[in-house]
Amino acid sequence: MELKDSPWKDPIHDRPMYLVFEDKYPVTKGHLLFVPKLDDKEHVLECYRAAYALGQAWVDNGYCRAFNIGQNVGESAGQTVMYPHIHLIPRRHGDMDDPRGGVRGVIPEKQKY
């Protein structure tokens with residue numbers, strides 16, 4: 001798949017190496033997708049850098065208390081749009097009963113350890 005064939009339209013930010021979209025099915029308020037303009041290592045890594053920087057700024061400014069950054073790569077990992085994209089999910093106190101385990105929750109019985 002190429003970016004032009006993806007379901008993402010109307011970016012909220014357009015940067016030289018990536019676009020940012022609001023997630024259509026947000027996990028929490030403010031859930032964003034960072035989508036590289038090219039499907040290569042440098043562009044994907046820039047998405048991670050930018051997502052991390054924004055997440056830190058959100059925490060520093062009090063928008064959220066924490067954040068998750070993640071990517072589903074391949075159908076077995078839950079990827080539904082077969083073009084790379086990075087999720088930035090702001091986390092707030094009380095947004096779930098027990099957040100321990102974080103990304104381990106992709107396999108629920110492995111989340112608690």
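The values are calculated or read from the model by the stated rules, or taken from the named source; none is laboratory data. Since the structure is predicted, the reported quantities are computational estimates derived from the model, not experimental observations. Glycine gets a Cβ as well: all are built from the backbone with ideal geometry, and neighbour counts include every protein chain shown.
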Looking only at the range 41-64, and only at residues there that are among the aliphatic types (A, V, I, L, M) and surrounded by fewer than 18 Cβ atoms within 10 Å (Cβ to Cβ), the one that is farthest from Asp5 (Cα to Cα): Val59
Kindly indicate whether Thr80 is within 15 Å of the chain's Cα centre (by Cα), in a loop (DSSP other than H, G, I, E, B) and surrounded by 15 or more Cβ atoms within 10 Å (Cβ to Cβ). no
Considering only residues that are acidic (Asp, Glu) and surrounded by 11 or more Cβ atoms within 10 Å (Cβ to Cβ), which ones fall in the range 14-32? Glu22, Asp23
Just to be sure before I move on: is Leu38 over 20 Å from Ile107 (Cα atoms), surrounded by fewer than 18 Cβ atoms within 10 Å (Cβ to Cβ), of a type in the set (A, V, I, L, M, F, W, C) and at pLDDT below 95 in the structure I sent? no
With respect to the numbered conditions (1) under 16 Å from Phe21 (Cα atoms); (2) under 14 Å from the mean Cα position of the chain (by Cα), which one is the sole condition not fulfilled by Ala66? (1)
Apart from one, (1) out of contact with any Asp or Glu (no Cβ under 9 Å at 6 or more places or on another chain); (2) touching a residue at least 24 places away in the same chain (Cβ under 8 Å) all hold for Leu32; the odd one out is (1)
Restricting attention to the range 6-31, which residues are assigned to a loop (DSSP other than H, G, I, E, B), hydrophobic (A, V, I, L, M, F, W, C) and at pLDDT 95 or above? Trp8, Ile12, Met17
Complete set of residues in the range 9-29 that are farther than 15 Å from Gly70 by Cβ and under 14 Å from the mean Cα position of the chain (by Cα): Tyr18, Leu19, Val20, Phe21, Glu22, Lys24, Lys29
Out of curiosity, is Val59 modelled with pLDDT under 95 and either charged (D, E, K, R) or closer than 22 Å to Gly94 by Cβ (or both)? no
